[in-house]
Amino acid sequence: MSTLAAGTRRTPDGVDWKVFGQHYWGRRPVRLRARPPFGLDEVHPLNIASCAPFRAGTRFWVMPDVHFLLGDGRLRAPGALLPDTADPALDDYLDRLDADVRGHGYLLTVRQPLLLDHALWAAVRDAVGELWRQVGWPNLPLTAEVLTGDRFTQHAGAAEPPTHAALTWVLRGRMDVTLWDERGGPPPADIAEPDRETPGAHTLSAGAGELLYWPGDRRHVDVYRERCVALRLRVPVDRALPFTVLRDLLADLVHAGQGNDDTVPYFPFGPGTRIDDPDGVLPRLTALGDELRTAVDGEQLRRTLRIRWAALRSAAGLEPIPAPREGVAITRGTRFRRTGEIVRMPDGPAHEVWAIDGNVFTLPRAASDRVYAALGDGEETGADEVCRALAAGDDRNDRTVLALLDKMYRLRGIDVAEERAR
């Protein structure tokens with residue numbers, strides 16, 4: 001069991017991410033003291049909002065996603081066992097749950113809940129961004145989970161070969177994680193019994209105010225002690241994962257190039273349609289290969305990847321992203337401050353991509369440097385100064401500048417000086 005050395009330089013969350021990146025990231029597990037990105041008080045309202053649609057039954061392919069495990073299995077329709085507005089606080093919910101499932105352990109997993117609350121999303125983004133500045137930015141989205149468990153052992157992390165590293169902040173209670181190094185071969189069957197000694201496996205235990213990390217080559221079994229609450233980020237690190245995303249992207253590009261034909265692509269069958277006939281299977285497969293080569297060599301793929309990277313970089317890997325906020329009336333007299341990081345990336349010879357909080361838009365390249373400089377770096381400035389920087393003299397040009405500032409406000413890149421951030 002390891003902890004970071006005392007006396008090292010630490011960020012506001014209490015972690016020296018530079019030391020962490022040098023000694024632990026991608027190398028070995030560690031437990032360390034770390035202030036979580038948000039507190040226990042924020043968990044209950046977030047869980048209520050995430051669980052509300054699931055009280056009527058399981059939903060598929062939606063985010064946030066909610067799983068409730070009780071005893072030895074998952075409940076497909078947990079209904080009233082999920083938190084709701086009738087539970088004033090987290091302890092009220094857990095008291096009710098203890099009465100309803102007396103004698104059974106349970107685990108509530110809420111996956112990707114941060115998209116519902118920009119303040120919490122931004123807090124996690126800022127915290128993990130300190131790590132990415134040391135080890136590199138992820139090229140695939142992270143998975144965020146809020147975990148609430150009580151006397152429950154979760155075996156899912158030992159069932160399949162690992163593909164993700166994990167950062168787990170414990171907000172309350174205690175969690176034990178038994179880890180098995182995948183390089184040592186398949187784990188023994190008794191890794192799923194963490195209270196038994198398993199040769200080759202070791203256990204990390206963390207309490208409130210501590211962070212557990214393990215690399216992407218570890219299978220794991222989680223044991224949630226009484227009323228444990230944790231925030232976990234699963235970080236994709238398996239080398240095969242980007243190829244899966246690229247495959248799906250290429251399929252979308254090829255399909256889009258075929259127009260609006262949504263018919264099922266059955267190949268011809270019958271007399272005169274042997275595999276190498278002009279209208280047979282082989283020419284059609286060859287044509288599909290040609291379309292795929294065109295997509296791979298085309299600028300559209302490169303541009304799509306550039307835009308996706310800019311969006312992901314500005315979100316520090318946290319996707320899906322929260323919805324934009326409501327706009328406000330912005331005039332030439334409006335004063336504002338730039339509050340959000342702007343990720344800029346060339347987009348061909350004439351345009352530049354700007355990304356804020358995972359949202360992307362383009363600006364003419366000739367004007368982007370002047371706009372960026374006029375926005376300032378956190379000091380108060382005015383919309384009229386941006387207009388003058390772009391030599392916007394008539395109403396039409398002013399409307400263009402004000403529309404840009406409105407977009408940036410809605411995407412939380414700027415805040416109006418007279419108004420608190422929402």
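The values are calculated or read from the model by the stated rules, or taken from the named source; none is laboratory data. The model shown is predicted, which means the values in this text are computed figures rather than measured ones. Here Cβ is always computed from backbone atoms with ideal geometry, including for glycine, and neighbour counts include all displayed protein chains. These area figures cover heavy atoms from the full protein model, side chains too; ligands, DNA and RNA do not enter into them. Shrake-Rupley method; radii C 1.70, N 1.55, O 1.52, S 1.80 Å.
Things to note:
- Sequence-distant residues sharing a close amide H with residue 358 (under 5 Å, placed H): 314, 315
- With the largest listed first and rounded to whole Å, the semi-axes of the equivalent ellipsoid of the stretch 80-144 from the Cα gyration tensor are 34, 14, 10.
- Per residue, the convex hull around the alpha carbon atoms of the stretch 80-203 comes to 154 Å³.
- Protection proxy ranking of 307-314, 179-186, by the mean of other Cβ atoms within 10 Å over each peptide's residues and highest first, is 307-314, 179-186.
- Computed over the chain: relative contact order in percent, which uses C-alpha pairs under 8 Å that are six or more apart: 14 percent
- Histogram of C-alpha separations across the chain, 20 Å bin width, %: 21, 47, 28, 4, 0
- Computed from backbone phi, the HN-Hα couplings of the stretch 107-119 come to 8, 9, 10, 10, 9, 6, x, 5, 5, 7, 9, 4, 4 Hz, rounded to whole numbers (Karplus: 6.51 cos²θ - 1.76 cosθ + 1.60, θ = phi - 60°; Gly and Pro given as x).
- Distances between placed amide hydrogens fall under 5 Å for residue 166 paired with 214, 235, all partners being 5 or more residues away or on another chain.
- Computed with a 1.4 Å probe over protein heavy atoms only, the accessible surface of the stretch 122-163 comes to 39 Å² per residue.
- Among 237-245, 41-49, 74-82, the peptide with the highest mean count of other Cβ atoms within 10 Å heads the list, and the full ranking is 41-49, 74-82, 237-245.
- Protection proxy ranking of 140-147, 363-370, by the mean of other Cβ atoms within 10 Å over each peptide's residues and highest first, is 140-147, 363-370.
- In the context of the full set of protein chains, the stretch 276-401 has a per residue accessible area of 53 Å² (1.4 Å probe).
- Over the stretch 140-229, volume per residue of the alpha carbon convex hull, in Å³: 89 Å³
- Whole-Å distance, taken between Cα centres, linking the stretch 315-358 and the stretch 159-183: 35 Å
- The value of relative contact order for the stretch 1-150, using C-alpha pairs under 8 Å at least six residues apart, is 26 percent.
- Residue-normalised convex hull volume from the C-alpha trace of the stretch 290-422: 123 Å³ per residue.
- Pairs of alpha carbons in the stretch 340-391 whose separation is greater than 17 Å (percent): 39 percent
- Cβ-based net charge around residue 364, under 14 Å, with every Lys or Arg adding one and every Asp or Glu removing one: 0
- Accessible surface of the chain [probe 1.4 Å, protein heavy atoms]: carbon and sulfur percent: 52 percent
- At q = 0.13, 0.17, 0.22 Å⁻¹ the log10 of I(q)/I(0) for the stretch 1-135 amounts to -0.73, -0.98, -1.20, computed by Debye summation with a single uniform scatterer per C-alpha, solvent ignored.
- With helices as the sole contributors, the chain gives -9500 deg cm²/dmol at 222 nm; each DSSP H run of n ≥ 4 counts as -39500 (n - 2.57), and the sum is divided by every residue.
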